[in-house]
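Visitor: Input: one structure, supplied below.
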Amino acid sequence: MYYKKFFDEEKKEVVFMIRDVIEVRIAKNIYESYRKKYSDEEIISFCPHKNIYNAVTGRRLYYITEESGIPLIGHTAFGIIDRGTNLLQIRPCSGCNLNCIFCSVDEGKSRTRVTDYMVDVDYLINKFEEIADFKRRHCKNLPIEAHIDGQGEPFLYPHIEELIKGLHDIADIVSIQTNGTLLTKEKIKRLEGYLDRINLSLNSIDEQKAKLLAGCASYNLKHVLEMAKEIANSQIDLLLAPVWVPGYNDDDMKKIIEFGKEIGAGKKWKPFGIQKYIKYRFGRKPKGVKIMNFWTFYKKLDEMGEGLRLYPKDFGIAKCKALPKKFKVGEKVKLRIEMHGRLKNEMLAIARERIIQITDTNKKIGDFVNAKILRNRHNIYVAEEI
């Protein structure tokens with residue numbers, strides 16, 4: 001375990017900074033009583049009187065292990081999502097180092113997100129293997145893809161290389177979504193032979209516009225472009241995945257396509273995955289943006305050239321039996337609150353090996369709530385208090 005330790009004079013807390021991502025705080029008097037018998041590593045792991053935060057976002061953080069009993073199915077912010085295909089979404093953590101003005105989940109410096117989650121790497125790999133075995137039993141001859149994405153930046157996950165290598169031993173294809181800012185030449189080289197494709201979020205090749213879209217003055221476009229070239233020259237396939245935000249980066253789409261062709265993106269899969277900006281309830285809404293409908297969006301893609309429309313078959317994605325659902329829509333259940341939710345006034349319950357999000361509630365951890373299931377699509381559960 002790599003960590004730095006220091007004392008916060010103002011709050012009188014001993015602070016452990018683990019891999020610059022996880023911040024563990026323990027009151028000094030409690031730490032002093034524990035250190036008589038235990039090492040720092042043991043105190044970090046087992047001391048019940050500690051507060052854990054995401055050092056990047058500053059938010060409360062839950063570190064989820066197999067021993068915690070917290071399931072990895074049921075939530076969109078962490079764990080594994082099965083949308084009924086041979087591709088499984090792997091979400092090791094939430095939190096982002098950018099503040100993109102179009103972010104669909106209001107990540108980074110957020111007005112709506114109050115909690116982050118991080119999953120133990122062994123727990124995540126073991127659960128993926130279990131679900132991959134289920135898929136292979138029901139979906140013969142289909143390759144199983146592990147796609148690492150999330151509500152944030154996956155390369156913030158301190159065990160990302162270990163996760164990729166572990167998934168590689170189980171999955172037929174391992175891919176990842178990233179903004180590219182945390183990549184290095186050395187990291188890309190270490191991941192060759194384990195990672196099959198990187199979907200790189202590149203929204204502009206104009207420096208000022210890129211900073212504006214990233215919502216971050218420190219965004220280093222030059223570095224991201226260099227990393228794109230490095231990926232294209234490696235054994236890892238590169239897909240450039242800009243979000244088209246009307247009124248902001250209209251002129252950049254063709255330039256990104258030209259850049260991708262120039263560096264040799266997409267040797268095995270499609271080189272471009274242009275995404276349409278969509279306004280979400282809890283997402284960010286850039287000023288003055290005029291949202292395109294899908295008909296207009298696809299028409300403009302066709303005007304820019306062939307092959308820009310993406311279909312599941314382009315990536316070998318096909319329907320495949322999904323994990324069984326544990327709750328029906330409309331079902332009334334009594335649940336015990338176990339965790340804080342991702343949003344304000346949202347709490348999480350655990351039942352039938354699933355996570356259930358309970359919206360608009362003032363209940364606290366340990367309370368029981370009568371609830372009605374509102375959503376169960378893709379085994380993601382949302383309920384309301386009744």
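Computed from the coordinates by the stated procedures, all read-outs in this text should not be read as laboratory data. Predicted, not measured: the structure shown is a model, and the values here were computed from it. Counting neighbours? That spans all protein chains shown, and the Cβs are built from the backbone with ideal geometry, glycine included.
Visitor: Over the chain, what relative contact order in percent results from Cα pairs under 8 Å that are six or more residues apart?
Guide: Relative contact order of the chain: 15 percent.
Visitor: With unit charges on the beta carbons (Lys and Arg positive, Asp and Glu negative) and the dipole taken about the Cα centre of the chain, which residue among Ser45, His75, Asn126 sits farthest to the positive side?
Guide: Of Ser45, His75, Asn126, it is His75.
Visitor: Can you match semi-axes √(5λ) of the Cα gyration tensor in Å to one of these, [x] 34, 26, 22; [y] 42, 23, 20; [z] 39, 24, 18, based on a calculation from the structure here?
Guide: [x]
Visitor: Sticking with this structure for a sec: Among DSSP beta bridges lying fully in the chain, give the percent that are antiparallel, nearest 5.
Guide: Bridges in the chain are about 60 percent antiparallel.
Visitor: Moving on to the next point. Note down the net charge around Arg197, summing +1 for each Lys or Arg and -1 for each Asp or Glu among other residues with Cβ under 14 Å from its Cβ.
Guide: For residues surrounding Arg197, the net value is -4.
Visitor: At what distance in angstrom do the alpha carbon centres of segment 220-243 and segment 25-89 lie from each other?
Guide: The two parts, judged by their Cα centres, are 32 Å apart.
Visitor: Something else: Taking each pair of different alpha-carbon atoms in segment 8-52 once, compute 1/r for the pair, average those values, and report the inverse of that mean as the Kirkwood hydrodynamic radius in Å to one decimal.
Guide: In segment 8-52 this quantity evaluates to 10.6 Å.
Visitor: Cross-link list Lys135/Lys279; Lys285/Lys319; Lys185/Lys211; Lys165/Lys209; Lys165/Lys287; Lys187/Lys287: which exceed 30 angstrom alpha carbon to alpha carbon?
Guide: Table pairs above 30 Å Cα-Cα are Lys135/Lys279; Lys285/Lys319; Lys165/Lys209; Lys165/Lys287; Lys187/Lys287.
Visitor: Can you give me the relative contact order of segment 88-218 as a percent, contacts being Cα pairs under 8 Å and 6 or more apart?
Guide: Computed over segment 88-218, the figure is 30 percent.
Visitor: Now for a different question. Using a Förster distance of 56 angstrom, determine the FRET efficiency expected from the C-beta separation of Asp8 and Asp302, and round it to 0.05.
Guide: The calculated FRET efficiency here is 0.45.
Visitor: Moving to a separate point now. Take the Cα radius of gyration of segment 12-104 and divide it by 2.2 N^0.38 Å, with N its residue count; two decimals is plenty.
Guide: 1.35
Visitor: How high is the FRET efficiency between Glu384 and Tyr38 when r is their beta carbon distance and R₀ equals 56 Å, given to the nearest 0.05?
Guide: 0.80
Visitor: For the chain, just give the cysteines left without a disulfide-compatible partner, judged by no other Cys Cβ under 4.7 Å.
Guide: Cys47, Cys93, Cys96, Cys216
Visitor: Please report the Cα spread of segment 332-385 along all three principal axes, rounded to whole Å, starting with the longest.
Guide: The Cα atoms of segment 332-385 stretch 26, 20, 17 Å along the principal axes, largest first.
Visitor: If packing is taken as the average number of other Cβ atoms within 10 Å across a peptide's residues, how do 289-300, 187-198, 238-249 rank, most packed first?
Guide: So the order, starting with the most tightly packed, is 238-249, 187-198, 289-300.
Visitor: 7 Å from Cα along Cα→Cβ at both Asn99 and Glu67: what's the point-to-point distance in nm?
Guide: Simple spin-label model gives 3.8 nm for this pair.
Visitor: Cβ under 12 Å from Arg352's Cβ, Arg352 left aside: what net charge do those residues give with Lys, Arg +1 and Asp, Glu -1?
Guide: Summing Lys/Arg as +1 and Asp/Glu as -1 gives +2.
Visitor: In deg cm²/dmol, rounded to 500, what helix-only [θ] at 222 nm does the chain give when every DSSP H run of at least 4 residues adds -39500 (n - 2.57) and the total is split over its residues?
Guide: -7000 deg cm²/dmol
Visitor: For labels at Lys187 and Glu162 in the simple 7 Å Cα→Cβ model, what's the distance in nm?
Guide: Each label point is offset 7 Å from its Cα along the Cβ direction, giving 1.7 nm.
Visitor: Between the helical axis of 121-138 and the dominant principal axis of the chain, each derived from Cα atoms, what acute angle in degrees is found, rounded to the nearest 10?
Guide: Approximately 60 degrees, to the nearest 10.
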